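Report on one structure; see the data block that follows.
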Amino acid sequence: MSGKNPESRLWQKVKEGLNQMFLTRIESSSINGIPDVHGVHKQGVFWIELKSDKSNYPKLNRWQIVWINRYVKAGGTVFLLHENLGKTLSERRLKLYRPVSVFTDPRSLVSFVSFSFPYQWPTVQQRILQELVQRDPEQQVA
């Protein structure tokens, strides 16, 4: 895994850690801005954009911003999973974002939860499921 870029390493962690969900990594050169991962769970359908770098916020390009805004406006759910690699392991953070309205600057997004290293993937998974249920309060997290 050492030869892979940080986003590929994050994908490997996500696919192992979010094991109650059906996840498919999408690599598209034909659709600008489409998120990296399509996810399905009995609680709902969603997309995840993966970011792994030393930035304090998820750096999105204009195509990603447009795609996410259109999808959210149409009623879809998108999560941004940003791993701030930090300078040391103790500084490493995994932040989860869920845009719920139109935005233009990714720096304006606020994460709804942050995890320190080592990440507790069952807790990350539970928080995503809780967010999916909030779309439809009549559903319950299993």
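The values are calculated or read from the model by the stated rules, or taken from the named source; none is laboratory data. Here the structure is a predicted model, which is why all the values come from computation and not from measurement. Please note: Cβ atoms are built from the backbone with ideal geometry, for glycine as well, and neighbour counts cover all protein chains shown. The accessibility values were calculated without ligands, DNA or RNA, using every heavy atom of the protein model including side chains. Shrake-Rupley method; radii C 1.70, N 1.55, O 1.52, S 1.80 Å.
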(request) Could you bin all the Cα-Cα distances of the range 1-75 into 10 Å bins starting at 0 and give me the percent of pairs in each, rounded to whole numbers? (result) 17, 47, 34, 3
(request) Report the trypsin sites (Lys or Arg not before Pro) located in the range 1-79 that are in a DSSP loop and have at most 16 other Cβ atoms inside 10 Å of their Cβ, or state none. (result) LYS4, LYS42, LYS54, LYS59
(request) Could you tell me what fraction of 2.2 N^0.38 Å the Cα radius of gyration of the chain comes to, as a two-decimal ratio? (result) 1.00
(request) Return the FRET efficiency for the residue pair GLU27, SER90: r is the Cβ-Cβ distance, R0 is 35 Å, and the value is rounded to the nearest 0.05. (result) 0.60
(request) Find the accessible area per residue for the chain; the probe is 1.4 Å, ligands and nucleic acids are left out, and the unit is Å². (result) 56
(message) Taking 4 °C and 1.567 mPa s as the conditions, I'd like the Stokes-Einstein D for the range 65-137 in µm²/s, using the Kirkwood hydrodynamic radius from alpha carbon pairs.
(response) 97
(message) Over the chain, how many pairs of lysines fall under 15 Å by alpha carbon, counting only those 8 or more apart in sequence or from different chains?
(response) 10
(request) Give, as a single signed number, the net charge of other residues whose beta carbon lies under 13 Å from the beta carbon of ARG92, with Lys and Arg counted +1 and Asp and Glu -1. (result) +3
